[in-house]
Amino acid sequence: MSGENERSEPQTREDDRRESSNRTGSSAGRERSERPEKSSGEQSDPRDSEATREDATATEEPPADTDATEGPADADGSTGATRADEATLPDDSLLRVRDLDAGYGDLQILTDVDLDVGDGEYVTIVGPNGAGKSTVMKSVFGLTSYMGGTIEFADEPIHGLQPDEIIHEGIGYVPQNDNIFESLTVRENLEMGAYILDEVPEEQIEVIYDRFPILRERSDQRAGTMSGGQRQMLAMGRALMLDPDLLLLDEPSAGLAPDLVQEMFDRIDRINDDGTAVLMVEQNAKQALRRCDRGYVLVNGENAYVDSGEALLNDEQVRKDFLGG
Ligand SMILES: Nc1ncnc2c1ncn2[C@@H]1O[C@H](COP(=O)(O)OP(=O)(O)OP(=O)(O)O)[C@@H](O)[C@H]1O
């Protein structure tokens, strides 16, 4: 990841993605640059408004990029979101989860879960409460009982590894709760993010301070006295201290006021634009799907759908069943 400061707002999110794709040359980048252009007159920044979602829903032309995860057209010729059991699995993913069974103790929560995150890709998991979304994240990070299947990262198996070993592999994790050390200062929290190193990586602290200027301002403040949004930034900053290739974010917008939710999503966009792959669980499902490259709908511990965020948002059944209509 680069150490550049917060960049100025890109003209559009799509423009920014293309820039990012060109920089990284990743497979995800290729996928993204092949995305269909929005029709003229359509709001081009998916972050902007409810109207954007409605516009997207009303887009006349079906999505043109039927990538590997997309399934066949329906009998009437329309292309709905791909059901997980019909999806073609990519074979060049950075994170590759196959047939994962996992849970807590003897209690199995996940059954045969497949999941892929490409290099530099932004992937979201949505689904009802209790579906097992957080359990997927915890499983990738070695925090659940592994019961079967495989989890590979950069072509190396990581299932069965401990979290401190998984950090070494290049995965950062921001849990939903208890994600900062309240009694430590902001700087000490960041240092803890690099505890596996022999020395504090001062340069990376500067990178984090540039990315989240409020953390520089509050460097000596005890983390427990910070606001919800600031805590969330600190938690992300801590997880970025080892410059991971993949960042796992569990409900990053939870408990934040609406304007802060927007800001948080914008910051996640920037992190991803700078080349870090993101796997995110979000209750704020529509927002998350508007921004991501690909989304999974998880139900009862199993994948139900996988497709581009746009395709999921445009699927009537998915909207009705999982996105509040
Ligand atoms: N530590 C645990 N021990 C036992 N069961 C757990 C544990 N954590 C979660 N569960 C159970 O696993 C199931 C899936 O929980 P999980 O938190 O993964 O769902 P989720 O989709 O993230 O839900 P939410 O959107 O409400 O956060 C739930 O039935 C939950 O009660």
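None of the figures in this text is laboratory data; all of them are computed from the coordinates on show. No experiment lies behind these values; they were computed from the predicted model shown. FYI the Cβ positions are ideal-geometry reconstructions off the backbone, even for glycines, and counts take in every protein chain you see.
Can you tell which of Val278, Met233, Ser219 lies farthest toward the positive end of the dipole of the range 208-302, using +1 and -1 charges on the Cβ of basic and acidic side chains (Lys, Arg; Asp, Glu)?
The listed residue farthest towards the positive side: Ser219.
So who's got an amide H within less than 5 Å of the one on Thr124, skipping anything under 5 residues away but keeping other chains? H placed 1.01 Å off N, in plane.
Met280, Arg294, Gly295, Tyr296
Apply the Karplus parameterisation 6.51 cos²θ - 1.76 cosθ + 1.60, with θ equal to phi minus 60°, to every residue of the range 91-105 and state each ³J(HN,Hα) to the nearest whole Hz, in sequence, with x for glycine and proline.
So the Karplus estimates, Gly and Pro as x, are 10, 10, 7, 6, 9, 10, 10, 10, 6, 6, 10, 7, x, 10, x Hz.
Could you give each residue of the range 269-286 its phi-based ³J(HN,Hα) in whole Hz, using Karplus coefficients 6.51, -1.76, 1.60 with θ = phi - 60°, and x for Gly or Pro?
Going residue by residue, I get 4, 5, 4, 5, 4, 7, x, 7, 5, 10, 10, 10, 9, 9, 6, 6, 5, 5 Hz, with x marking Gly and Pro.
I need the peptides 177-186, 233-242, 247-256 ranked by packing, meaning the mean over residues of other C-beta atoms within 10 angstrom, with the highest value on top.
The densest-packed peptide leads the list: 233-242, 247-256, 177-186.
Could you give me the ³J(HN,Hα) list for the range 123-140, computed from phi with Karplus coefficients 6.51, -1.76, 1.60 and θ = phi - 60°, whole Hz, x at Gly and Pro?
Running phi through 6.51 cos²θ - 1.76 cosθ + 1.60 with θ = phi - 60° gives 10, 10, 10, 10, x, x, 4, x, 5, x, 4, 5, 5, 4, 4, 4, 5, 4 Hz.
Which of the three applies to the range 90-183, rounded, prolate or oblate, going by the alpha-carbon gyration tensor with a ≥ b ≥ c and a/c under 1.5 meaning rounded?
rounded
About the Cα centre of the range 180-325, how large is the charge dipole given +1 on each Lys and Arg Cβ and -1 on each Asp and Glu Cβ? Please answer in debye to the nearest 20.
Dipole magnitude for the range 180-325 comes out near 540 debye.
Would you mind checking which residues have amide H under 5 Å from Leu184's amide H? H placed 1.01 Å from N; only 5 or more apart, or other chain.
Correct list: Ala223, Gly224.
Treating the beta-carbon of each Lys and Arg as +1 and of each Asp and Glu as -1, no other charges, what is the dipole magnitude of the range 69-221 about its Cα centre, to the nearest 20 debye?
600 debye
State the three equivalent ellipsoid semi-axes of the range 138-283, derived from the C-alpha gyration tensor as the square roots of 5 times its eigenvalues, in descending order and whole Å.
On the way: eigenvalues 120, 63, 41 Å².
Its equivalent ellipsoid spans semi-axes of 24, 18, 14 Å.
Per the Cauchy relation, a quarter of the hull surface: what is the mean projected area of the convex hull of the alpha carbons in the range 201-325, in nm²?
Its Cα hull, projected and averaged over all orientations, spans 8.6 nm².
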